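Working notes, structure below.
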Amino acid sequence: MRDAGPEEAIFSQRIIGIMRERFEIFGFSPLETPIVERWEVLSAKYAGGEDILKEAFRLKDQGDRDLGLRYDLTVPLARYVACNPNIKMPFKRYAIGRVYRDGPIKLGRYREFMQCDCDIIGADTAAADAQCVQLALSVFDALNMKVKVVINNVALLKLMLQKVGIPEDKLTDIMLSLDKLKKIGKEGVQKELKDKGLNPDAIENIIEVSGSEDRIQAIKSKYGDSPELERVSKVLELAKDARVEFDPSLSRGLSYYTGMVFEAFLVDSEITSSVAGGGRYDRMIGGFIGRPDDYPAVGISFGLAPIMDASEKEARRTVTDIFIIPIKTPVESNALVQELRSEGIRADTDLLERSISKNLDYANVQGMSFVVLLGENELKEGKYKLKDMGSGDEKLLTKTELIDFLKER
């Protein structure tokens, strides 16, 4: 766990602000849940599973109750929906918050990190799946980041494997290997399957299908039509974007995803890991109350850390947009600051009675966009000297012109 100074915090909050705006444009409403949950909730059968529980922070309160820090935002959502059966469906919520995992420490991996999730509860439709895909494209458009979104249906992949004779207890093992097709190639996958004691020839057709140009038609020809394939086709039709790609080998969250899955990857970037991912988990929420089929759900989560790593960094150490430098005009400068603030402009002024040069240096180091130098001459003229800290340009403006200029920016 670590501190984030103003420079990093300003940067992350700007990105989160863009995400929040896009989430709400798509009709998702905010939901806030406690960081601490009862251990029985975190460890429930339909929650995160054994691997995540190994990294969960566990604690007791003064009443000797077993508690834990939330390790994701999905389990608290499931608990909330299960405890509020009168919620109107579909329930569309977003959550942006800190989660905790007591895992091994390494570069870029922290025990406290942010998750940014959107979920649709109560809609087992291709339209709900497609909306998650369209939301991802919209968020990255707003962030000026080029992405592609890869989709698949894990139920379809299981069906294909079963049709070539793979037994139920081997499905997960093979799917995990197939998921590495783009990373290690066809030969690498075949070798891995052989090392696991599986027959790689049995899934040769699936590897071939994954590399074909028209994958929908190739699957129909080899394995026949199915509701699972129809769902993929419908999602592609609804999303209707060339940046959405169907990859029959994609697997993720095999312990809880039940249908469509998707991952977003940056295009022409050094960051090769996914920057967003999600899928359909139709049995988790109902599982909390013993009715697994009653609460179909689909969602997507955005990775704040890789998005920040791939974004153009800002050199801002303050949220202040304009800094007023008094030149023997402390009262008038303070009045101007208050007036700018009343107009919704983030303004500040010198508090240490420093020289002009030191105040300019301070504004520059903090990354402020503009300064106003306010002296007796400017007061007599009724104008304010505005300096652009980026270009160095200066101009004299009336108060009305100054306020209008700053509001535009």
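Computed from the coordinates by the stated procedures, all read-outs in this text should not be read as laboratory data. None of these values were measured; they are calculated from a predicted model. Here Cβ is always computed from backbone atoms with ideal geometry, including for glycine, and neighbour counts include all displayed protein chains.
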Roughly how many nanometres apart are two label points built 7 Å out from the Cα toward the Cβ at ASP241 and GLU32?
3.0 nm
Considering only the other residues whose Cβ falls under 11 Å of the Cβ of PHE57, what net charge follows from Lys and Arg at +1 and Asp and Glu at -1?
0
Please find, in a Gaussian network model of the chain (springs between Cα atoms separated by less than 10 Å), the residue of MET260, MET389, MET368 whose mean-square fluctuation is greatest.
MET389
From the Cα gyration tensor of region 322-408, with a ≥ b ≥ c the square roots of its eigenvalues, which class applies: rounded if a/c is under 1.5, or else prolate if a/b is larger than b/c, or else oblate?
rounded
Determine the alpha carbon to alpha carbon distance for each of LYS328/LYS383; LYS183/LYS234; LYS358/LYS387; LYS180/LYS313 and list only those over 24 Å.
LYS183/LYS234; LYS180/LYS313
For region 303-361 and region 88-155, write down the distance between their C-alpha centroids in whole Å.
35 Å
Amide hydrogen neighbours beyond the local backbone of TYR295, cut-off 5 Å, H modeled:
GLY286
Candidates ARG20, ARG317, ARG70, ranked by Gaussian network fluctuation over the chain, Cα under 10 Å, top entry:
ARG317
Ascending count of other beta-carbon atoms within 10 Å, so fewest first, for VAL298, VAL81:
VAL81, VAL298
Pairs of Cα atoms under 8 Å, at least six residues apart: use those to get the relative contact order of region 322-408, whole percent.
29 percent
Looking at LEU352, VAL232, ALA276, which one has the Cα that reaches farthest to the positive end of the dipole of region 201-360 (charges on Cβ: Lys, Arg +1; Asp, Glu -1)?
LEU352
I need the semi-axes of the equivalent ellipsoid of region 107-186: take the C-alpha gyration tensor, multiply each eigenvalue by 5, square-root it, list largest first in whole angstrom.
29, 20, 15
What FRET efficiency would be calculated for the residue pair ILE18, GLU401, taking the C-beta separation as r and a Förster radius of 25 Å, to the nearest 0.05?
0.25
For the Cα atoms of the chain, what angle does the longest principal axis make with the long axis of helix 181-195, in degrees from 0 to 90, nearest 10?
40 degrees
For the chain, the longest principal axis of the Cα atoms and the Cα long axis of helix 126-142 enclose an angle in degrees, to the nearest 10, of 30 degrees
Which FRET efficiency value, to the nearest 0.05, is calculated for LYS183 and MET89 with the Förster distance at 35 angstrom and r the Cβ-Cβ distance?
0.35
Quick query: amide H of VAL147 versus all other amide H atoms, modeled in the peptide plane; which residues come in under 5 Å with a sequence gap of 5 or more or a different chain?
VAL267
Using +1 at the C-beta of Lys and Arg and -1 at the C-beta of Asp and Glu, which of THR125, TYR257, LEU304 has the Cα lying farthest in the positive direction of the dipole of the chain?
TYR257
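Quote the FRET efficiency, to the nearest 0.05, computed for ARG409 versus LEU53 with a Förster distance R0 of 56 Å and r equal to the Cβ-Cβ distance.
So the FRET efficiency works out to roughly 0.70.
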Alpha carbon centre of region 374-409 versus region 22-36: separation in Å?
40 Å
Starting at the first residue of region 369-380, write each ³J(HN,Hα) from the Karplus equation 6.51 cos²θ - 1.76 cosθ + 1.60 with θ = phi - 60°, in whole Hz, x for Gly and Pro.
6, 9, 10, 10, 9, 10, x, 5, 4, 5, 5, 5
Collect residues whose amide H, placed 1.01 Å from N in the peptide plane, falls under 5 Å from the amide H of ILE325; neighbours closer than 5 in sequence don't count.
VAL372, LEU373, LEU374
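Expressed as a rounded percentage, what relative contact order does the chain have, with Cα pairs under 8 Å and six or more residues apart? Display every interim value, and only then the final one.
On the way: 652 pairs, mean separation 65.2, N = 409.
Relative contact order, the chain: 16 percent.
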Positive end of the dipole of the chain, charges at C-beta (+1 Lys, Arg; -1 Asp, Glu), about the Cα centre: which of GLN115, ALA363, PRO6 has its Cα farthest in that direction?
GLN115
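For the chain, just say rounded, prolate or oblate: build the C-alpha gyration tensor, square-root its eigenvalues into a ≥ b ≥ c, call rounded for a/c under 1.5, and beyond that prolate if a/b exceeds b/c, oblate if not.
Verdict is prolate for the chain.
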Simple SL model, points at 7 angstrom along Cα→Cβ for LYS313 and PHE113; separation in nm is 1.9 nm
Running a GNM on the chain with Cα contacts under 10 Å, which residue among LYS180, LYS170, LYS380 ends up with the highest mean-square fluctuation?
LYS380
Going by how many other Cβ atoms sit within 10 Å of their own, how do ASP3, ASP141 line up, fewest first?
ASP3, ASP141
If one compares the long axis through the Cα atoms of helix 356-366 with the longest principal axis of the Cα atoms of the chain, the angle in degrees, nearest 10, works out at 10 degrees
Only helices counted: for the chain, with every DSSP H run of 4 or more residues adding -39500 (n - 2.57) and the sum spread over all residues, [θ] at 222 nm is -12000 deg cm²/dmol
So what's the Cα pair-distance distribution over region 81-153, bin width 10 Å, in %?
14, 32, 36, 17, 1
If each residue's Cβ is checked for other Cβ atoms within 10 Å, how do PHE405, PHE323, PHE370, PHE262 rank with the fewest at the top?
PHE405, PHE370, PHE323, PHE262
